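Visitor: First, the structure itself, so that you have it in front of you.
The values are calculated or read from the model by the stated rules, or taken from the named source; none is laboratory data. Being a predicted model, the structure only gives us computed values, none of them experimental. As a convention, Cβ positions derive from the backbone with ideal geometry for all residues, glycine included, and neighbour counts pool all protein chains shown.
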Amino acid sequence: MRILIVEDTASLARSLAQGLTEEGFAVDVAGDGEEGLHFATEIPYDAIVLDRMMPRMDGLTMLRRAREQGVHTPVLLLTALGEVQDRIEGLDGGADDYLVKPFAFDELLARVRALLRRHRGQARNQVEVGRLRLDLAARTAEVDGRLLPLTARELALLELLCLEPETTFSRTAIAERLYSEEKDLDSNVIDVFVGRLRRKLDAAGLPGADLIRTQRGAGYRLDPAAAAPPASR
């Protein structure tokens with residue numbers, strides 16, 4: 001999953017970026033609303049963490065303009081203003097949730113996860129696809145109750161496919177969701193990750209190539225039927 005942080009306090013932006021990266025997210029950082037608006041309208045983010053008070057363009061103005069330009073990405077608004085009217089203005093301006101400064105990182109992380117779940121109609125942190133089970137909070141994946149030994153990037157790829165089953169993702173679309181803006185990728189890096197993930201699924205007893213199907217000329221998609229218990233297929 002890819003997150004945009006729009007925050008003009010450099011130390012806070014760095015801290016949030018580091019924390020979210022350690023949790024398996026790809027993270028981009030913008031230092032003001034103008035840069036943030038450019039990023040938000042050009043890149044398909046899964047969520048945006050947006051500071052309200054910034055130079056050049058404040059967070060509410062950026063948010064309104066992004067919504068006017070058709071950006072539907074869920075937004076968590078950070079604000080030092082705790083009054084009810086300020087919160088109402090943020091929500092009415094297009095924010096999906098807000099968090100008053102100062103805050104604990106764990107709360108921000110929980111709110112980001114909640115935004116991601118709601119955006120996909122997912123009520124819980126647990127995602128089940130037949131014999132495959134993902135825990136979005138614990139950052140784990142299991143097959144028949146046995147832990148899959150995945151790297152953070154492999155887990156992020158599996159999570160993306162499981163949260164949007166039957167959707168075909170091009171290699172470019174996958175790279176945009178899993179890597180930060182500054183990352184320079186080889187043309188075959190996504191194929192390499194898919195191959196590794198398939199082999200680990202095979203080792204766990206799931207048919208990797210059937211579960212993660214190649215759509216010739218289009219990309220990859222998850223086939224939930226391949227993860228069904230044998231008697232259900």
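Visitor: Quick check on my filter: what residues within region 30-47 are in contact (Cβ under 8 Å) with a residue 12 or more places away in the chain and among the acidic types (D, E)? Talk me through it step by step, then tell me what you get.
Guide: Step one: of region 30-47, the residues in contact (Cβ under 8 Å) with a residue 12 or more places away in the chain are 30-37, 39-41, 43-47.
Hits for region 30-47 are D32, E34, E35, D46.
Visitor: Additional query: For A104, work out the one condition from (1) exposed (fewer than 13 other Cβ atoms within 10 Å of the Cβ); (2) modelled with pLDDT of 90 or more; (3) in the same structural domain as A226 (by TED's automatic domain parsing) it doesn't fulfil.
Guide: Evaluating A104 over (1) exposed (fewer than 13 other Cβ atoms within 10 Å of the Cβ); (2) modelled with pLDDT of 90 or more; (3) in the same structural domain as A226 (by TED's automatic domain parsing) leaves (3) as the failure.
Visitor: Tell me, which residue of region 29-47 that is of a type in the set (A, V, I, L, M, F, W, C) and in contact with a Phe, Trp or Tyr (Cβ under 8 Å, 6 or more places away or on another chain) is surrounded by the fewest Cβ atoms within 10 Å (Cβ to Cβ)? Quick ask: steps written out before the conclusion?
Guide: Looking only at region 29-47, we keep the residues that are of a type in the set (A, V, I, L, M, F, W, C), and these are 29-30, 37, 39-40, 43, 47.
Retained after the next criterion (residues that are in contact with a Phe, Trp or Tyr (Cβ under 8 Å, 6 or more places away or on another chain)): 30, 39.
On the way: A30: 24, F39: 19.
Among those residues, the one meeting the criterion is F39.
Visitor: Please state which one of I5, I43 is modelled with pLDDT of 95 or more, of a type outside the set (D, E, K, R) and closer than 30 Å to E154 by Cα. Give the steps one after another, and end with the answer.
Guide: Details: I43 fails: modelled with pLDDT of 95 or more.
I5 is the lone residue from the list that is modelled with pLDDT of 95 or more, of a type outside the set (D, E, K, R) and closer than 30 Å to E154 by Cα.
Visitor: Can you tell me which of L163, L201, L185 is at pLDDT 95 or above and either among the polar types (S, T, N, Q) or outside the structural domain of V29 (by TED's automatic domain parsing) (or both)?
Guide: L201
Visitor: Checking the structure you have, find out if any residue of region 133-143 is surrounded by 19 or more Cβ atoms within 10 Å (Cβ to Cβ), within 20 Å of L211 (Cα to Cα) and in contact with a Cys (Cβ under 9 Å, 6 or more places away or on another chain).
Guide: yes
Visitor: Look through L50, L78 and report the one residue that is surrounded by 15 or more Cβ atoms within 10 Å (Cβ to Cβ) and free of Cβ contacts under 8 Å to residues at least 60 places away in the same chain. Break it down into steps so the answer makes sense when it comes.
Guide: On the way: L78 fails: free of Cβ contacts under 8 Å to residues at least 60 places away in the same chain.
Exactly one of L50, L78 is surrounded by 15 or more Cβ atoms within 10 Å (Cβ to Cβ) and free of Cβ contacts under 8 Å to residues at least 60 places away in the same chain, namely L50.
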